[in-house]
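The values are calculated or read from the model by the stated rules, or taken from the named source; none is laboratory data. Please read all numbers here as calculations on a predicted model, not as lab measurements. Positions of Cβ are backbone-derived with ideal geometry, glycine not excepted, and every protein chain shown enters the neighbour counts. Areas reflect the complete protein model, heavy atoms only, side chains present, ligands, DNA and RNA absent. Shrake-Rupley method; radii C 1.70, N 1.55, O 1.52, S 1.80 Å.
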Amino acid sequence: MSSRIRVRFAPSPTGLLHIGGLRTALYNYLFAKKEGGTFVLRIEDTDQKRYVKDAEDDILQSLTWAGIVPDEGPGNPGEYGPYRQSERKERYLKYAEQLVDAGYAYYAFDTPEEIEHMKEHLRTPENPTPKYEIQSRMTMRNSLTLSDEEISRLLSEKKEYVIRLKIPDGERIHFEDAVRGPVSFESEMLDDQVLIKADGMPTYHLANVVDDHEMKISHVIRGEEWLSSAPKHILLYTYFGWDAPEMAHLPLIMSPSGGKLSKRKAEKEGIPINTKDYREQFYEPEALVNFLALLGWSPGDDRELLSMKEMVESFSLDRIGKSGAIFDHAKLLWFNEHYIRAKSDAELAKELQAYVKEVGIPHKQDDNDGLGDGSAEPDAGEGNISWPSLTEEQKKIFTDTKYMETVVRLLKERVSRLPDFLDSGSFFFEAPAEYDAKAVKKGWKEATPSLLQAYTSQLDIVEEEEFKAPLLKTRLKEVIEKENVGMGKLMMPVRIAVTGLGSGPDLFESMELLGKEEVLRRIHTAIEKLSGS
Ligand code: GLU
């Protein structure tokens, strides 16, 4: 890799990887690959209070699942390791002390109570949240206000202290952001950021800047929520005498109802927020990645469906938008449908088999009248779904690859996600335990049982091996012609009887797959259960 482009994804392991984080990782990855550069994963785990044990595993699994594989990271170190900040602890203090010596930072010995007292004292309606900063620092106990003697004494007595950045007075801190253009902050807006905490650990700001420098990061690409930290980082680079990396702050991901897509909002709007949710709900990783890529970036033309390779080829920072990008879940499902349909029947059948082995099948419980709630929506009545182990009969079906491939072929155009095959196609795996009430109301009439019987007596005499879609259709046509009724008068009840639903995949092909014995049994059962209605 000859390019000097080095980017990093630097998550804090404080919980499951958010889809916003996945998008940040993706943009870093696309940029690195486009430029022939290196994509680094760095774990920013200096905040012990917020550390979550399994978070790093989740980050790695999520990135791998999405095909965003780091070139360097804790699992595959390059020459700039270690890649976990907790393993780099010793480095940070010396850098902070270097700033103290140069007059850009200072020791502060104030207790939390003293800081609280200062804030209380300075709080006014115009200044509701006073900070430790230019104005207040000179009233506090720090190496700017105490005598050298006092400082040496406190240090030798091992009194607790922090190291704070000394924000300059009356300066405008300016930088070019690759997404936002020129950005500037007045130094008065900033507080004297703690760089080293009382426990000796660095804060995010110090560790982040030191590591970006030591790891030779050329571009910092991260979420907009970090924009307000950038001026502090710029000051640190200046004070260390280092070149600052290029900065690119990505637009926020917005909720459809407005405002930032927070965890709470996402939950309310039924949007999965963690990458793990998408993994567990069997979304196609290519679909999520394609969708996230376009959530804030555009390839510069009207293409929407892009493979990772195509995204890499078209990627550039100047086509990332400034304004928030709205998360459109329906659009994501549209992508998912596309990627499902792009797979071969054999591939999908295999995935479905693996899915069932792992998760089981949704089992709709029988109810008394055999009538459903009228909703044919997939996922409807989720409360009724249990995940029993499969019956021997079902195991036979699920391991029958040819059967599964046909199920997939018949349903492929009708599903959004892999588990939908089991929902919309539940009748391929067990006889309907209930019938869609709306469909029954509309399509099951008084004359229905005798029409069905006319049809079944035709089917009875079809040889098992001749039980094929075209013939089943011909026989049905003959019956309706003879009885002089419209096609729907018979087709609808047959569909209800065989599938339990009012709509679905090709009826005759479905019947062929289920086989003569099963179809006849289902029609007789339906006549029995529904004849009173
Ligand atoms: N550790 C920060 C995070 O959790 C990194 C921010 C940055 O990229 O600078 O997102």
Which whole-number percent is the relative contact order of the chain (Cα, under 8 Å, 6+ apart)? 12
Once you list every other residue whose beta carbon is under 13 Å from the beta carbon of residue 14, what net charge do they have if Lys and Arg are +1 and Asp and Glu are -1? -2
Using a 10 Å cut-off on Cβ atoms, rank the peptides 219-228, 327-336, 45-54, 353-362 from the highest mean neighbour count down. 219-228, 327-336, 353-362, 45-54
Neighbours of residue 111 by Cβ distance under 11 Å: Lys/Arg at +1, Asp/Glu at -1, summed charge -3
The chain - percent of accessible surface contributed by carbon and sulfur, probe 1.4 Å: 49
Can you give the extra length, in nm with one decimal, that the chain gains between residue 113 and residue 471 once fully stretched, where that is 0.36 nm per residue apart less the Cα-Cα distance? 120.2 nm
Probe 1.4 Å, accessible area per residue of the stretch 159-222, Å²: 39
For residue 188 and residue 257, compute 0.36 nm times the residue count separating them, minus their Cα-Cα distance, and round to one decimal in nm. 21.4 nm
Checked against a 25 Å limit on the C-alpha separation, the offending pairs among 34/322; 396/516; 357/402; 94/232; 268/438; 33/53 are 268/438; 33/53
Using +1 at the Cβ of each Lys and Arg and -1 at the Cβ of each Asp and Glu in the stretch 237-315, identify which of 295, 257, 311 lies farthest towards the dipole's positive end. 257
222 nm mean residue ellipticity, helices alone, for the chain (DSSP H n ≥ 4; -39,500 (n - 2.57); rounded to 500): -13000 deg cm²/dmol
